[in-house]
Amino acid sequence: MSRMRSALSRLAWGYLLLFFHINIGPISLLPQWVAWLVIAWGIYGLADEDRDLALLWPFSAALALLDLSQPLLAGAWAGWLTLLQTVLYLYVHFGLLTSCARLAGRFQAPGRALDVRLRRLRNAFIMLDTLTGFVLSFWLAPAVSVVLGAVLLVIAVIIAVSLFQLRRCFPAALSEETPL
């Protein structure tokens with residue numbers, strides 16, 4: 001159970017790292033590939049609990065590699081790599097939040113609706129992220145993009161908080177000093 005708790009902690013921290021960027025000038029102190037590695041590590045820790053998570057692990061690792069290699073592969077392949085990265089991004093988020101909702105349904109206390117909340121957040125996140133992509137690609141309305149980006153950021157924070165709440169469904173590891 002403590003293994004699941006630490007894996008869920010990695011997922012929650014990975015989500016926070018993915019959406020909060022700390023830069024000094026053009027240098028990113030927390031690049032997205034680090035966040036994807038943390039998320040991949042969390043997915044790997046939960047892979048025994050949900051078969052779909054075992055299938056997501058290579059895709060999350062691929063997202064880390066794609067993000068890391070993006071500057072090196074710029075040029076003629078940049079558009080195709082961005083498309084591949086976007087498709088993998090949406091697939092991993094959808095699958096990850098679906099699996100976490102399933103875990104919440106299995107392990108949450110009776111009367112809690114964490115699984116329902118995670119499914120609703122998943123739907124809102126995927127829809128708004130897709131809509132933001134279309135707005136940025138075709139419409140180029142800066143005010144709408146800023147509003148959609150702000151809403152996405154709020155949803156991402158709520159997802160991370162929900163993952164931390166899901167983590168509480170699993171007991172912490174017993175230390176040697178704790179009486180049985």
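Please treat every number below as a calculation from the coordinates, not as lab data. Keep in mind the model is a prediction, meaning the values are calculated, not measured. Cβ: placed from backbone, ideal geometry, glycine included. Neighbour counts: every protein chain shown.
The charge dipole of region 1-79, taken about its Cα centre with unit charges on the Cβ atoms of Lys, Arg (+1), Asp and Glu (-1) only, comes to about 160 debye.
Eigen-decomposition of the gyration tensor built on the alpha-carbon atoms of region 2-167 gives equivalent ellipsoid semi-axes of 27, 19, 15 angstrom, largest listed first. Relative to the longest principal axis of the chain, what angle (0 to 90°, nearest 10) does the C-alpha long axis of helix 78-107 take? On a 0 to 90 degree scale, this one is about 20.
Calculated from the alpha-carbon coordinates, region 22-107 shows an Rg and a Dmax of 14.6, 47 Å respectively. Say we join alpha carbon atoms closer than 10 Å with springs in a Gaussian network model of the chain; which of 131, 11, 29 then has the biggest fluctuation? Comparing 131, 11, 29 in the GNM, the peak value goes to 29. Helical content of the chain, expressed as a calculated mean residue ellipticity at 222 nm, amounts to -25000 deg cm²/dmol (DSSP H runs of 4 or more residues, -39,500 (n - 2.57) each, divided by residue number, nearest 500).
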